[in-house]
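Take a look at the structure below.
The values are calculated or read from the model by the stated rules, or taken from the named source; none is laboratory data. Quantities reported herein were computed from a predicted structural model and do not represent experimental measurements. Note that we place each Cβ from the backbone using ideal geometry, even for glycine, and neighbour counts take in every protein chain shown. Ligands, DNA and RNA are stripped out before the accessible areas are found, and what is left, the full protein with its side chains, is counted by its heavy atoms. Shrake-Rupley method; radii C 1.70, N 1.55, O 1.52, S 1.80 Å.
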Amino acid sequence: MKKLPSSFDELKEYVFQKWGITGQIVLLGFCLIVIIIYFWKDIIQHPLIVDMNDSGNISNQNYMESQGNNLLDKFEEKIRENIILEENSFRIKNENKLLRNAIKQLTENLKNYPGSQEAFDELTKKGNPEKAKTIIQKFAKEWESAGGKAFRMAAQARRNLGQLSIKSNPQAALPEYQKAVMLDPENPDGWSQLCYVQTQIQDYGEAEKSCRFFLDLGIAAQKKVAQATAYYQLGNIFEAQQDLEQAKGNYKIALDLWSKIGNIWQQAQCFLKLGYINKRQNNIVQSVSNLEKALRLFKELQLFLGQSVIHSNLGNLYLKQGELGKAEDQFRDSLDVLTSKKPAKYELVLPYIYMSLANLFQRKNQLGKAEKYLQIGKTLFEEQGNKNFQAFAFSNLGLLSIKQNKLKQAEDYFQKGLELFQDTGEKVEEARMLINLGKLSNKLENFESARSYLQQSLTLCTQSKNRACEANSHHGIADTFWKDAKYKQAIEHYKSSMNLYKDIGEETQYLEIKNFLNSRPSYISDK
């Protein structure tokens, strides 16, 4: 009996001798088919997981990249808040001066009240408003009882009381301003301040009414400052209600009036507001234009904190557009203004700029630089005692570590971030950190651990009524079941996430899961 070939080389030789080169081609083709069949099951079982871990299609990588973008928005929102620390000093100084003068006048005229001078000193020298409140309340009640012309004095006292509470406790200031406008309805300041407080406590319907009273008084008296202020406040009210077109219209009228008055600071504020609305409407070109106009005015006023913030905002716009060179220029300018001029409270803004630079270098795939700036930002947040943003820094360090394939280090960072969010009670952010840990565990094929993290996140998201968070949690759970070849459970969670994505308008995520489920292999059933 003829000996059979014992190796692939012998088989090739045998085939060549019997059928020539054609036989060898047929043999190689047959082997290729065998290899494809051998690996085909794995290929069709995990198409979504391959995309998730490697190409960044719709699960892990896309989620983590989107977290980076969300963090940019958080940084921008936070540094926008800090812009008031320097620039609003104009208004704050004026308000404090008026308030001090009012209290001083009351103190001089009513020396028969024990402790009035002490109250004045506590407020103006020690920053303690409580004694001042006590004495002003006595004045207000006495004037209210007197009636007649004393009502105007009582209204002024009520406005003073409101002013002492407006920053720390707007709800406590509300009844003071309500009494003030009842006592002196023709005083525009009372209506303006009432509008401001009602906006702060989100009573937008009443805020709009108060603001329109204020506007009518300004028009009747032909006072452009009052009119401009009223239109700006109306813009704030509509912006808070997401009515961006009405907000934009009111800001434009305010801008025109402030331009005629010649108030550079207020013009800059209007350009800022318009720039931020343009960004929300995805009109990047117009947003850049308005922010650059605001920047020129801030330079004219030599307000350095504001300059830094606008440079940072422009950097974020360019970063989201993929114009990385322009983004880096803006972030560098922002950092340079802060470190060279060192305006008051600049250290509060500084870590956000470092974090934005880290995002930039991560996009450039310069991971060493990205890690350097993330560590600087984290340290600065830690020094400030800012646990929330320290946790965000840990989150970004974890995402960066995944890109560097340092998975154990990523897990450590995510755990530290999770602990900080648990300390601060930020339930939605805690849930997102659990999603990070779940997706990382899934990548490591620790399926039970992954599902535990993701189920905890789903519970928190549901309790917080955050549907985007719920969708991401369901999506992550589905990925773990799919990768673990538990297709029925996977499909159930994919469908839940798909429906949530559709409800919240995440069309791309919705369609990609829908197309994946429609094209899943026929041998994988819902049963």
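Within segment 405-417, count every residue that is touching a helix residue (DSSP H, G or I) at 6+ places or on another chain (Cβ under 6 Å) and outside any helix (DSSP H, G or I).
Going through segment 405-417 one residue at a time, the tally reaches 0.
Does at least one position in segment 313-328 carry a residue that is basic (Lys, Arg) and within 19 Å of Ala294 (Cα to Cα)?
Within segment 313-328 (the criterion being basic (Lys, Arg) and within 19 Å of Ala294 (Cα to Cα)), the answer is yes, since at least one residue qualifies.
Which members of segment 205-225 meet the condition of being under 19 Å from Gly262 (Cα atoms) and crowded, with 22+ Cβ neighbours inside 10 Å?
Once the filter is applied, which keeps residues that are under 19 Å from Gly262 (Cα atoms) and crowded, with 22+ Cβ neighbours inside 10 Å, segment 205-225 yields only Gly218.
Here is a yes/no grid of residues against (1) touching a Phe, Trp or Tyr at 6+ places or on another chain (Cβ under 7 Å); (2) open to solvent by less than 60 Å² (accessible area, probe 1.4 Å); (3) assigned to a loop (DSSP other than H, G, I, E, B):
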site: Glu419; (1), (2), (3): no, no, no
site: Ala431; (1), (2), (3): no, yes, no
site: Asn442; (1), (2), (3): no, yes, no
site: Gln456; (1), (2), (3): no, no, no
site: Leu460; (1), (2), (3): no, yes, no
site: Ala468; (1), (2), (3): no, yes, no
site: Asn472; (1), (2), (3): yes, yes, no
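Can you pull out the residues in segment 404-436 that are among the hydroxyl-bearing types (Ser, Thr, Tyr) and touching a Ser or Thr at 6+ places or on another chain (Cβ under 8 Å)?
Correct list: Tyr413 only.
Would you confirm whether or not segment 361-377 contains a residue that is more than 22 Å from Leu324 (Cα to Cα), open to solvent by 10 Å² or more (accessible area, probe 1.4 Å) and in contact (Cβ under 8 Å) with a residue 12 or more places away in the chain?
no
Give me the pairs: first residue in segment 494-505 and basic (Lys, Arg), second residue assigned to a helix (DSSP H, G or I) and open to solvent by less than 60 Å² (accessible area, probe 1.4 Å), beta-carbon distance under 9 Å, and six or more apart or on different chains, which are they?
From residues that are basic (Lys, Arg), the pairs are Lys495/His474; Lys495/Ala478; Lys495/Ile513; Lys495/Leu517; Lys502/Gln509; Lys502/Tyr510.
Could you check Ala228 against (1) open to solvent by less than 70 Å² (accessible area, probe 1.4 Å); (2) under 28 Å from the mean Cα position of the chain (by Cα) and say which number it fails?
If we test Ala228 against (1) open to solvent by less than 70 Å² (accessible area, probe 1.4 Å); (2) under 28 Å from the mean Cα position of the chain (by Cα), just (2) comes out false.
Within the set of pairs 6+ apart or on separate chains, which have a first residue in segment 407-422 that is closer than 17 Å to Leu374 by Cα, a second that is open to solvent by 60 Å² or more (accessible area, probe 1.4 Å), and C-beta atoms under 7 Å apart?
From residues that are closer than 17 Å to Leu374 by Cα, the pairs are Leu420/Lys387.
Search segment 496-527 for residues being farther than 14 Å from Ala468 by Cα, open to solvent by 60 Å² or more (accessible area, probe 1.4 Å) and touching a helix residue (DSSP H, G or I) at 6+ places or on another chain (Cβ under 7 Å), and hand back the single one that is modelled with the lowest pLDDT.
My answer is Lys527.
What pairs come up if the first residue lies in segment 326-337 and is β-branched (Val, Ile, Thr), the second is open to solvent by 40 Å² or more (accessible area, probe 1.4 Å), and their beta carbons are under 9 Å apart, counting only those six or more places apart or on different chains?
Close Cβ pairs (under 9 Å, with a partner that is open to solvent by 40 Å² or more (accessible area, probe 1.4 Å)) amount to Val337/Phe304; Val337/Tyr346.
The rows are residues; the columns are (1) open to solvent by 10 Å² or more (accessible area, probe 1.4 Å); (2) modelled with pLDDT under 95; (3) closer than 25 Å to Lys403 by Cβ; (4) of a type in the set (D, E, K, R).
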residue: Lys273; (1), (2), (3), (4): yes, yes, no, yes
residue: Ile284; (1), (2), (3), (4): yes, yes, no, no
residue: Phe304; (1), (2), (3), (4): yes, yes, no, no
residue: Ile310; (1), (2), (3), (4): no, yes, no, no
residue: Ala344; (1), (2), (3), (4): yes, yes, no, no
residue: Leu348; (1), (2), (3), (4): yes, yes, no, no
residue: Met355; (1), (2), (3), (4): no, yes, yes, no
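Which of (1) touching an Asp or Glu at 6+ places or on another chain (Cβ under 8 Å); (2) modelled with pLDDT of 80 or more does Glu122 not meet, given it meets every other one?
The number of the failed condition is (2).
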